Amino acid sequence: MLGGNPQKDRFGFRYWQEPGSFAEYYKTGDLGRWLGFLACLIKASFTIAGPDYVSMAAGETENPRKVLPKAYNGVFYRLTSFFVLGALCVGILVPYNDPTMVNAFEKDLPGAAASPYVIAMDRLGIPVLPHIVNAMVLGAAFSAGNSYVYCASRCLYGLALDNKAPRIFRKCTKNGVPIYCVGLVLLIALLAFLQVSNSASVVLNWFINLVGHPINYLEASG
């Protein structure tokens, strides 16, 4: 922001002035910017949902009264650092009408071509940075997938114990892993192959709308 980057460019909050900090959506003017904010809110809720899943580890944690509060604090600081501050930095580095990003969305380019994080790192002129960001995104995706498989399988196992799911899902291995629950959850992951007949961005938008709207409703009615 202050010119310490390799390009020696003191860009500051340039893109918040032109083209602006809020993109118009469907409508023009203030209404369009408000609709754009609401559209982003749905996608934001999709990405940060799940901190409460930490509590699911209580049944398999030694001394949960001591461990879980520390885990919750860690989740809060990570969300603040990686999501909120990360989104703020990208909003400063990349305008919403950036030609590279717009072209990637319009042509449904594969991979992280439309990622503002990759575009931001690429514009700084350090060749290795985009590859580091791609590696971090891949690691985060694997970690998220691992966490959701754990949480979904434990939820299904709990339903089976309460007689709200078939009894077969009660069966566990010698190590206490609900094997049939894990297997069913992994089968659901095959929905990712929907992108074979449709673009990845379209399929991702389906999932975001499917999950984001209920999350917002539950949080609002909370």
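The values are calculated or read from the model by the stated rules, or taken from the named source; none is laboratory data. Keep in mind that this is a model prediction, so the values were computed, not measured. Backbone-built Cβ (ideal geometry, glycine too); neighbour counts: all protein chains shown.
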Among all residue pairs at least 6 apart or on different chains, which show Cβ distances below 7 Å where the first residue, located in region 54-73, is over 21 Å from A144 (Cα atoms) and the second is assigned to a helix (DSSP H, G or I) and modelled with pLDDT under 75? P64/A58
Sort out which residues of region 174-188 are modelled with pLDDT under 90 and either touching a Pro at 6+ places or on another chain (Cβ under 6 Å) or among the β-branched types (V, I, T) (or both), and write them in order of number. V177, I188
Pairs please, first residue from region 16-33 and under 12 Å from I92 (Cα atoms), second anywhere and surrounded by 13 or more Cβ atoms within 10 Å (Cβ to Cβ) and among the β-branched types (V, I, T), Cβ atoms under 9 Å, 6+ apart in sequence or on different chains. W16/I92
Of the residues in region 99-123, those that are surrounded by 15 or more Cβ atoms within 10 Å (Cβ to Cβ) and either of a type in the set (A, V, I, L, M) or modelled with pLDDT of 80 or more (or both) come to M101, A104, L109, A112, A113, A114, V118, I119, A120, M121
Across region 165-187, which residue is nearest to the chain's Cα centre (by Cα) among those that are in a loop (DSSP other than H, G, I, E, B) and crowded, with 17+ Cβ neighbours inside 10 Å? P178
Within region 189-204, restricting to residues that are assigned to a helix (DSSP H, G or I) and in contact (Cβ under 8 Å) with a residue 24 or more places away in the chain, the one that is farthest from G145 (Cα to Cα) is V202
Among the residues of region 16-37, is any assigned to a helix (DSSP H, G or I), modelled with pLDDT under 75 and more than 19 Å from R123 (Cα to Cα)? no
For region 76-91, give me the residue count where each residue is touching a helix residue (DSSP H, G or I) at 6+ places or on another chain (Cβ under 7 Å) and modelled with pLDDT of 75 or more. 2
